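Quick notes on the structure that follows.
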Amino acid sequence: MGNTRPDSNVMLRMTDIRKSFSGNEVLKGIDIEVRKGELLAIIGPSGSGKSTLLRCVNMLETIDDGSISIEGEFLADKGVYATGDKARRILGCTGMVFQQFNLFPHMTVMENLLEAPMQVKGMKRKEIQPLAEELLAKVGLSDRADYYPSQLSGGQQQRVAIARALAMKPDIMLFDEPTSALDPELTGEVLKTMRELAEEHMTMVVVTHEMAFAREAASKVIFMADGNIVEQGKPEEFFEHPREERTKAFLRNML
Amino acid sequence: MENLLHTVVLMLEGTQVTLEIFFITLLLALPIGLLASLARLSRFRPLSLLMEFYIWLMRGTPLMLQLLFVYFALPMIGVMLPDIAAALLAFTLNYAAYFAEIFRAGIQSIPKGQYEAAKTLGMTYPTTMRRIILPQVIRIVLPPVSNETINLVKDTSLIYILAMNDLLRVARTIVQREFDMTPFVVAAVFYLAMTFILTWLFKKLEAHYGKYET
């Protein structure tokens, strides 16, 4: 069905997204579009609404108005959300990585990966274990399968969190400041894992403060401030020739 | 010597009543307390308010008064309960309220990120509670639950006012009959033995459920 549509490559479209927290408008009509295999980096000062925007994609926050469609299906249409199985099916296309990792502390690394496929998809352990092992190898943590999260470094925990999200085979991966809670020397290993994902053409939306990463790995960069998109473009032109004063000031501070 | 043996045998019978009240109360009050805590946290306001009222009532009045009420006041409105059932009803309602507050605090201490992670992985609320939240809550509530459980061992002695022959009442009867304080010492030893076993058991449980902490 989707194949016949001209925009079948659009994985995520958000139009005119509006959101207020107790009268304070944090998203003032945002439009974004992410195509298959793209990595969209969203940058901006804290309080600009970028994390809120990301959290609206998978209903951790709800929008007041606007539309969200994922792979051509409306999760929210003019402010009204899909419900029940339809919502669950659409949300199942997304995976999320959090700033604070949010691993399940009472489960081993392997159990963290197996939990959702077994509980949500009803898969048997032996059906999902091979993929889980493959994902752990991919994030370089095969030898940590039986460790508890508290026994791992922050960087290792975040890589487990990425593998855990991937175990549900999402089509879009959302990253909410994935390296902000890490010591500087540990951000590299997480960014490396994310780069590898991007090279495999995973569709990704990444809210980040890592300018070097956005510059090298992103297909498109969006700069947000005060609930608006101030500027967007290809990383080369965005970082080399920012047009807006606001962007220039922000980049001067960050670089 | 023979006398002491006789005393101990009598008191073992009393201990049986004490243990019966203790185990059945615990078995009922723990699950009821868990359900009450979930109801207390419910977003459905009337339910949450009802639970708040119940907890306030149970924690705000003496357990002794609750026992007397169930035992003497309920029959006046036509509810007749066997002695042991009356005692169990009062104990269970009282302890479930305390457990409910312990569980509520435990549930609320789990970071919001755990719910969010479960949600983004597609888990429903019941699955999230059963698989993610409650296993972590158990670890957190074990020390306060252990406290309450040890209190319960000693609170069972309150049933002496209902004329049931528990450990303490048997001891007192013998003391009054024979003018010998030994039964009180024996009773103390019995209570200490029970709390010793409980303390040991909870220590084991804490180690088991805390194995993921470094």
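Out of segment A:150-192, which residues are assigned to a helix (DSSP H, G or I), away from every other protein chain (no Cβ under 13 Å) and open to solvent by 10 Å² or more (accessible area, probe 1.4 Å)?
A:G154, A:Q156, A:R159, A:P184, A:E185, A:L186, A:T187, A:G188, A:E189, A:L191, A:K192, listed by residue number.
Go through B:L34, B:L27, B:L5, B:L41 for me and flag whichever is open to solvent by 60 Å² or more (accessible area, probe 1.4 Å) and farther than 29 Å from B:M181 by Cβ.
Exactly one of B:L34, B:L27, B:L5, B:L41 is open to solvent by 60 Å² or more (accessible area, probe 1.4 Å) and farther than 29 Å from B:M181 by Cβ, namely B:L27.
Restricting to strands (runs of 3 or more DSSP E) lying wholly in segment A:1-92: which have 1 or more residues that are open to solvent by 30 Å² or more (accessible area, probe 1.4 Å)?
Here the list reads A:10-21, A:24-35, A:65-70, A:73-77.
Scan segment B:165-194 for residues that are open to solvent by 20 Å² or more (accessible area, probe 1.4 Å) and in a loop (DSSP other than H, G, I, E, B) and jot them down.
Hits for segment B:165-194 are B:N165, B:F179, B:D180, B:M181.
Restricting attention to segment A:111-127, which residues are surrounded by 19 or more Cβ atoms within 10 Å (Cβ to Cβ), of a type in the set (A, V, I, L, M, F, W, C) and in contact with a helix residue (DSSP H, G or I) (Cβ under 6 Å, 6 or more places away or on another chain)?
A:L113, A:L114, listed by residue number.
Kindly provide the set of residues from segment A:98-136 that are under 21 Å from B:Y212 (Cβ atoms) and in contact (Cβ under 8 Å) with a residue 60 or more places away in the chain, ordered by number.
Matches in segment A:98-136: A:F98, A:Q100, A:F101, A:L103.
Suppose we keep only residues that are acidic (D, E) and out of contact with any Ser or Thr (no Cβ under 9 Å at 6 or more places or on another chain) within segment A:64-103. Which one would you say is nearest to A:L191 (Cα to Cα)?
That would be A:E73.
For segment B:113-145, enumerate the residues that are among the charged types (D, E, K, R) and within 8 Å of chain A (Cβ to nearest Cβ).
B:E116, B:K119, B:R131, B:R139
Within segment B:4-33, track down each residue that is more than 17 Å from B:A193 (Cβ to Cβ) and free of Cβ contacts under 8 Å to residues at least 40 places away in the same chain.
Scanning segment B:4-33 gives B:L5, B:H6, B:L27, B:P31.
I'm told A:E134 meets every condition in (1) open to solvent by 30 Å² or more (accessible area, probe 1.4 Å); (2) within 14 Å of chain B (Cβ to nearest Cβ) except one. Can you identify the failing condition by its number?
(2)
Here is a check on your reading of the model: is A:H201 in contact (Cβ under 8 Å) with a residue 24 or more places away in the chain and on the phi > 0 side of the Ramachandran plot?
Judged against the criteria, A:H201 is a match.
Of all residues in segment A:75-131 being among the acidic types (D, E) and within 11 Å of chain B (Cβ to nearest Cβ), which is farthest from A:M14 (Cα to Cα)?
So, considering only residues that are among the acidic types (D, E) and within 11 Å of chain B (Cβ to nearest Cβ), the one farthest from A:M14 (Cα to Cα) is A:E111.
Please enumerate the residues belonging to segment A:228-242 that are more than 19 Å from the chain's Cα centre (by Cα) and in a helix (DSSP H, G or I).
Within segment A:228-242, A:E236, A:E237, A:F238, A:F239, A:E240 qualify.
Would you mention how many residues in segment A:198-238 are of a type in the set (A, V, I, L, M, F, W, C) and surrounded by fewer than 20 Cβ atoms within 10 Å (Cβ to Cβ)?
Going through segment A:198-238 one residue at a time, the tally reaches 4.
Go through (1) of a type outside the set (K, R); (2) in contact with a helix residue (DSSP H, G or I) (Cβ under 9 Å, 6 or more places away or on another chain); (3) on the phi < 0 side of the Ramachandran plot; (4) more than 10 Å from chain B (Cβ to nearest Cβ) one by one and return the number of the condition A:G140 breaks.
Going through the list (1) of a type outside the set (K, R); (2) in contact with a helix residue (DSSP H, G or I) (Cβ under 9 Å, 6 or more places away or on another chain); (3) on the phi < 0 side of the Ramachandran plot; (4) more than 10 Å from chain B (Cβ to nearest Cβ), A:G140 breaks only (3).
So which pairs qualify, if the first residue must be in segment B:76-92 and of a type in the set (F, W, Y), the second must be surrounded by 20 or more Cβ atoms within 10 Å (Cβ to Cβ), the Cβ gap must be under 6 Å, and the two must be at least 6 apart or on different chains?
Here the result reads B:F91/B:T25, each pair linking segment B:76-92 to a residue that is surrounded by 20 or more Cβ atoms within 10 Å (Cβ to Cβ).
The values are calculated or read from the model by the stated rules, or taken from the named source; none is laboratory data. None of these values were measured; they are calculated from a predicted model. Cβ: placed from backbone, ideal geometry, glycine included. Neighbour counts: every protein chain shown. To get the accessible areas, we keep the full protein, side chains included, count just its heavy atoms, and leave off ligands, DNA and RNA. Shrake-Rupley method; radii C 1.70, N 1.55, O 1.52, S 1.80 Å.
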